[in-house]
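Just below is one structure, and these are the notes that go with it.
The values are calculated or read from the model by the stated rules, or taken from the named source; none is laboratory data. Model, not experiment: these values are computed from the prediction. No Cβ is skipped: glycine too gets one built from the backbone with ideal geometry, and neighbour counts run over all protein chains shown.
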Amino acid sequence: MAFEYIPGKTVFHRLDPRTKIVFFLTTIVLEVLWGDPIFLSVVLVAVLLLARLCGVPRNVITSFVKAVIFFIVGYCMLTMFFLKPPNPHLLFWLVRSEWFSLPIYVETLVQMLGLMAKMLGILLCVRLLLMITPVTDIVLGLVKMKFPVSFGIAMTTTFGYVPVLIDENRKIGEALRSRGWKSGGYNVVKKLKALLTEMLVPAIYVSFKRANEIAIALESKGFSYNISDRTFVKELEFTGNDYIAITILLATCFFGVLTSDMFLGYGTFDGLTLTLVKGLLGIHD
């Protein structure tokens, strides 16, 4: 299903959807401001702990991580191979020949780890938001925050399509393997080639088909009729827990800004982690 809402009676389930949206925005702010793997790992662990406190089954989180980790690692490795930081320190040569050389620098390795934690944290936060909040409540919360109704629908549909896309790709892969398709095993190059040449076309076709079905469903429910005067059955109201949660989130944002490159600079990719790694390796600038 597009929106895998998991009902529950936890404190987090009972929070106002606007509070949950503020939580999501706080996570995005921290992920944007920080680049240090240690700081980003703290955010990732916090999202995982929150998922456990909300009663999200462990196998749901595990299967989601397994589905996206290959693409995250592949993207981060491309970033590490093709981006050269200023004043780098060589760690080792992955490939070194007369025609082609591929050095691995300490700075790019730390940056890759931070980027992996950042992407995984954002995706898990989106998945968690959709699992503890009905999509109708998210749309209502966005509208109450003065966002257009069409924007709310587009945003939640986009986020909610992530688990659908993962599930559809899994089914496509299983169908191809049942017909003798070789996915490349653990060879990254062969796996990428197999995905791009044989799995990309059916994945795009399924995506367009699903988008058309969503559009038909919206039109059949009269979504485009008089959007500005739309009314809602459910009304939202903040409680004491919402005010406490928003206060904590705002304080977290302030801490993120304070430790970012704008002020102390501990959270940047060349901050705490890189300093510790250089100290362990005996590297002195």
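Based on this model, can you work out whether V11 counts as β-branched (V, I, T), loosely packed, with under 15 Cβ neighbours inside 10 Å and under 30 Å from M262 (Cα atoms)? So V11 fails the test.
Look at F254 and say whether it is exposed (fewer than 14 other Cβ atoms within 10 Å of the Cβ), assigned to a loop (DSSP other than H, G, I, E, B) and at pLDDT 75 or above. Considered against the rule, which asks whether it is exposed (fewer than 14 other Cβ atoms within 10 Å of the Cβ), assigned to a loop (DSSP other than H, G, I, E, B) and at pLDDT 75 or above, F254 comes out as no.
When residues in the stretch 95-136 are screened for being under 30 Å from I166 (Cβ atoms) and in contact with a helix residue (DSSP H, G or I) (Cβ under 8 Å, 6 or more places away or on another chain), 27 of them pass. Applying the criterion of being without any contact (Cβ under 8 Å) to a residue 24 or more places away in the chain and within 19 Å of D270 (Cα to Cα) to the residues of the stretch 93-108, the residue that is farthest from the chain's Cα centre (by Cα) is P103.
Look at (1) over 21 Å from L50 (Cα atoms); (2) touching a residue at least 24 places away in the same chain (Cβ under 8 Å); (3) polar (S, T, N, Q) and you find that T133 fails only one, number (1).
Among residues of the stretch 174-227 being surrounded by 14 or more Cβ atoms within 10 Å (Cβ to Cβ), over 30 Å from I153 (Cβ atoms) and small (G, A, S), the one that is modelled with the lowest pLDDT is G184. Candidates L44, L33, L48, L90: the one that is closer than 27 Å to L272 by Cα, exposed (fewer than 14 other Cβ atoms within 10 Å of the Cβ) and aliphatic (A, V, I, L, M) is L90. Of everything listed in (1) in a loop (DSSP other than H, G, I, E, B); (2) modelled with pLDDT of 85 or more, the single unmet condition for L44 is (1).
For the residues I21, I6, I61, I72, the requirement of being part of a loop (DSSP other than H, G, I, E, B), farther than 21 Å from T275 by Cβ and touching a residue at least 12 places away in the same chain (Cβ under 8 Å) singles out I6. Can you tell which of F263, F232 is outside any helix (DSSP H, G or I), at pLDDT below 80, of a type in the set (A, V, I, L, M, F, W, C) and surrounded by 10 or more Cβ atoms within 10 Å (Cβ to Cβ)? Result: F232 is the single residue among F263, F232 that is outside any helix (DSSP H, G or I), at pLDDT below 80, of a type in the set (A, V, I, L, M, F, W, C) and surrounded by 10 or more Cβ atoms within 10 Å (Cβ to Cβ).
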